[in-house]
1. Quick one: which helices (runs of 4 or more DSSP H) lie wholly within segment 78-163 and hold at least 2 residues that are under 18 Å from the mean Cα position of the chain (by Cα) and within 23 Å of residue 256 (Cα to Cα)?
2. Within segment 291-299, can one find any residue that is out of contact with any helix residue (DSSP H, G or I) (no Cβ under 7 Å at 6 or more places or on another chain) and at pLDDT 80 or above?
3. Sort out which residues of segment 260-275 are surrounded by fewer than 19 Cβ atoms within 10 Å (Cβ to Cβ) and either assigned to a helix (DSSP H, G or I) or at pLDDT below 80 (or both), and write them in order of number.
4. In segment 1-39, what count of residues is obtained for those that are among the β-branched types (Val, Ile, Thr) and modelled with pLDDT of 90 or more?
5. Could we say that residue 174 is under 30 Å from residue 16 (Cβ atoms) and in the same structural domain as residue 256 (by TED's automatic domain parsing) here?
6. Quick check, is residue 226 in a strand (DSSP E or B), in the same structural domain as residue 321 (by TED's automatic domain parsing) and touching a Ser or Thr at 6+ places or on another chain (Cβ under 9 Å)?
7. What pairs come out if I take residues in segment 184-209 that are within 23 Å of residue 221 (Cβ to Cβ) and without any contact (Cβ under 8 Å) to a residue 24 or more places away in the chain and pair them with residues that are among the aliphatic types (A, V, I, L, M) and outside any strand (DSSP E or B) whose C-beta lies under 6 Å away, six or more apart or interchain?
8. Just to check your reading of the model, which residue among 255, 238, 278 is touching a residue at least 24 places away in the same chain (Cβ under 8 Å), outside the structural domain of residue 116 (by TED's automatic domain parsing) and of a type outside the set (Ser, Thr, Tyr)?
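The values are calculated or read from the model by the stated rules, or taken from the named source; none is laboratory data. It should be emphasised that the depicted structure is a prediction, and the values quoted were computed from it without experimental measurement. Glycine also receives a Cβ, built like all others from the backbone with ideal geometry; neighbour counts cover every protein chain displayed.
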Amino acid sequence: MPSAREHQPSPTTNGDYALDIIDDFRSALHDDTRMEELEVEFPDFTASVGAYGVALMNLSDNDAGAFKWRGAVVGMTMLKEQGIDHVIAPSAGNHARGAALAAKLLDMHLTVVVPKSAPPEKKDFIRQLAPERLLRVHVTGDTFDDSLEWALSQHGTTLHPYDNADVVAGQGTVVDDLLAQHPETQHIVLPVGGGGLLAGVLARLEQKGRTDITVYAAQADGSNSLGRSVDAGKLRDAHCPNQRYGGSAVRTIGAFTLAQSLRSPNLQLLTVPDDDVAELSELYDHDRRRLLRTETPNYEPTTLVAVAALKQLTHLDAPVTVLGTGQNDTVYPSATRRRRYLPF
């Protein structure tokens with residue numbers, strides 16, 4: 001019988017096919033997705049809300065420093081199979097890193113588009129991930145949405161960071177890792193920006209017949225495109241995309257995210273106030289200093305939104321897993337991410 005890699009997927013990429021692609025590249029990207037108890041990284045916060053027994057899934061321990069390598073690798077693999085050898089990838093950071101590594105592995109040409117607000121060290125870090133002959137970094141606009149608009153206006157193939165079926169399927173493979181390592185999970189908490197991770201997780205849970213698992217989508221205050229769109233049954237802009245949280249400050253969620261959200265019986269939406277994230281950040285800072293972790297890399301602000309959402313979920317009495325998405329912007333350092341990564 002031929003493997004999933006030997007024939008084309010359906011228009012919405014099958015999760016098994018995407019997982020085969022991911023498994024092909026795990027070792028090359030040194031991916032070490034794993035679980036730990038929340039209190040390892042957030043001991044003071046865990047104690048303050050009684051979140052003992054909650055699992056934190058580290059999706060950032062890889063050469064890209066974020067889960068988004070999955071969507072980028074699957075998306076670019078599919079494009080290469082179609083004969084495309086040059087891709088444009090708009091990004092606030094994490095998607096660009098994943099795409100740059102995918103370009104190197106697949107020997108594809110890539111133009112990364114980032115906003116002017118991206119720190120110089122972030123742009124320099126992206127440039128280190130692929131050979132100069134393959135990678136160009138183009139800077140335009142003040143926000144991610146500006147960069148996305150420029151990318152979509154070009155005469156080329158855009159690898160959308162969250163509104164692309166193949167990218168979404170790649171992000172959804174985190175479910176396979178989660179269920180393999182923590183099969184008793186009954187609740188998943190994840191942050192939402194454009195919603196590619198959310199759409200992928202919901203779709204993969206459906207494919208695996210696990211709609212008994214509840215998914216809590218945590219929106220930063222102001223970044224409420226998901227909530228507004230679900231209420232309206234059609235895409236709606238966020239009231240005020242919250243720039244504090246970097247790549248999750250997206251004006252409009254993806255169409256795939258909305259479609260999957262509307263069909264999923266197991267989705268709950270949460271809005272996380274800035275004050276709750278600020279309180280968590282203070283506790284996190286205290287933990288880092290107290291435990292002498294000030295020299296190790298951090299969880300990004302978007303992850304902190306998901307962790308802070310646990311304040312609203314203290315009533316849950318079944319196993320909970322929070323998804324730690326990446327390390328795009330500096331807030332406070334992390335205890336567990338290995339120190340072999342390039343600086344940024």
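1. Numbers: elements: 94-106, 120-127, 144-153.
Output list reads 94-106, 144-153.
2. no
3. If the condition is that a residue be surrounded by fewer than 19 Cβ atoms within 10 Å (Cβ to Cβ) and either assigned to a helix (DSSP H, G or I) or at pLDDT below 80 (or both), then 262, 263, 274, 275 are the ones that fit.
4. Restricting attention to segment 1-39, the residues satisfying the condition of being among the β-branched types (Val, Ile, Thr) are 12-13, 21-22, 33.
Among the residues that remain, those that are also modelled with pLDDT of 90 or more are: 21-22, 33.
Matching residues across segment 1-39 total 3.
5. Working: under 30 Å from residue 16 (Cβ atoms): yes; in the same structural domain as residue 256 (by TED's automatic domain parsing): yes.
Answer is yes for this residue.
6. On the way: in a strand (DSSP E or B): no; in the same structural domain as residue 321 (by TED's automatic domain parsing): yes; touching a Ser or Thr at 6+ places or on another chain (Cβ under 9 Å): yes.
Spelling it out, it is not the case that residue 226 is in a strand (DSSP E or B), in the same structural domain as residue 321 (by TED's automatic domain parsing) and touching a Ser or Thr at 6+ places or on another chain (Cβ under 9 Å).
7. none
8. Values: 238 fails: touching a residue at least 24 places away in the same chain (Cβ under 8 Å); 278 fails: touching a residue at least 24 places away in the same chain (Cβ under 8 Å).
Of the residues listed, the single one that is touching a residue at least 24 places away in the same chain (Cβ under 8 Å), outside the structural domain of residue 116 (by TED's automatic domain parsing) and of a type outside the set (Ser, Thr, Tyr) is 255.
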